[in-house]
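J.: Sharing a structure, written as structure tokens. Questions coming.
The values are calculated or read from the model by the stated rules, or taken from the named source; none is laboratory data. These figures come from a predicted structure and were not determined experimentally. Ideal geometry is used to build each Cβ from the backbone, glycine not excepted, and the neighbour counts take in all protein chains shown.
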Amino acid sequence: MKTLRILAYIAAAILILFGVLFLLAAFSPQSASPIGSLITGLFLVVIGFVLIIVAAKFLRPRAPEQPQQVTLQVDLPGNVSMDSIKCKSCGGTLQAENIQVVNGAPMVTCPYCHTVYQLTEQPKW
């Protein structure tokens, strides 16, 4: 992309240079067709500036995408006691580090049987 961007800048400089020359020729007394030179000069200058904008905005190097890290903090009111969580498959006791949030859902990985499932909250009533 860097080479393409440099080539676009060089082409824009050449187009603007020739556009200015055509504009100067349009206002000289020896010009055979001043309207044609004026239109050609304006057209070349506009295309040169469009190339500069395209090179600056669309051909710039992209930064590598960094993975996002989400931290979930739960602030519970009052005195809250946590029940022990048991694996649905083997009945092993799960710790807090066995729970991860994947795509917005809490997922549990059992360290004993390596079963992965979504953690769901059962109603208390």
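J.: Against the definition (surrounded by 14 or more Cβ atoms within 10 Å (Cβ to Cβ), in a helix (DSSP H, G or I) and of a type in the set (Gly, Ala, Ser)), how does Ala12 come out, yes or no?
T.: Here the answer is yes, as Ala12 does meet what is asked.
J.: Please verify whether Thr109 is farther than 30 Å from Leu4 by Cβ, surrounded by 14 or more Cβ atoms within 10 Å (Cβ to Cβ) and touching a helix residue (DSSP H, G or I) at 6+ places or on another chain (Cβ under 6 Å), treating the condition exactly as stated. Let's see the steps before the verdict.
T.: Numbers: farther than 30 Å from Leu4 by Cβ: yes; surrounded by 14 or more Cβ atoms within 10 Å (Cβ to Cβ): yes; touching a helix residue (DSSP H, G or I) at 6+ places or on another chain (Cβ under 6 Å): yes.
So Thr109 fits the description; yes.
For (1) modelled with pLDDT under 85; (2) in contact with a helix residue (DSSP H, G or I) (Cβ under 8 Å, 6 or more places away or on another chain); (3) in a helix (DSSP H, G or I); (4) basic (Lys, Arg), each residue gets a yes or a no:
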{"site": "Leu59", "(1), (2), (3), (4)": "yes, yes, no, no"}
{"site": "Ala63", "(1), (2), (3), (4)": "yes, no, no, no"}
{"site": "Gln69", "(1), (2), (3), (4)": "yes, no, no, no"}
{"site": "Pro77", "(1), (2), (3), (4)": "yes, no, no, no"}
{"site": "Glu97", "(1), (2), (3), (4)": "yes, no, yes, no"}
{"site": "Cys113", "(1), (2), (3), (4)": "no, no, no, no"}
{"site": "Pro123", "(1), (2), (3), (4)": "yes, no, no, no"}
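J.: What's the number of the condition Val74 fails, among (1) of a type in the set (A, V, I, L, M, F, W, C); (2) under 36 Å from the mean Cα position of the chain (by Cα); (3) more than 30 Å from Cys113 (Cβ to Cβ)?
T.: (3)
J.: How many residues, within segment 25-45, are part of a helix (DSSP H, G or I), surrounded by 12 or more Cβ atoms within 10 Å (Cβ to Cβ) and free of Cβ contacts under 8 Å to residues at least 12 places away in the same chain?
T.: First, the residues of segment 25-45 that are part of a helix (DSSP H, G or I): 25-26, 34-45.
Filter once more, keeping what is surrounded by 12 or more Cβ atoms within 10 Å (Cβ to Cβ): 25-26, 34, 36-45.
Then drop every residue that is not free of Cβ contacts under 8 Å to residues at least 12 places away in the same chain, which leaves 34, 36, 39.
Total satisfying the criteria: 3.
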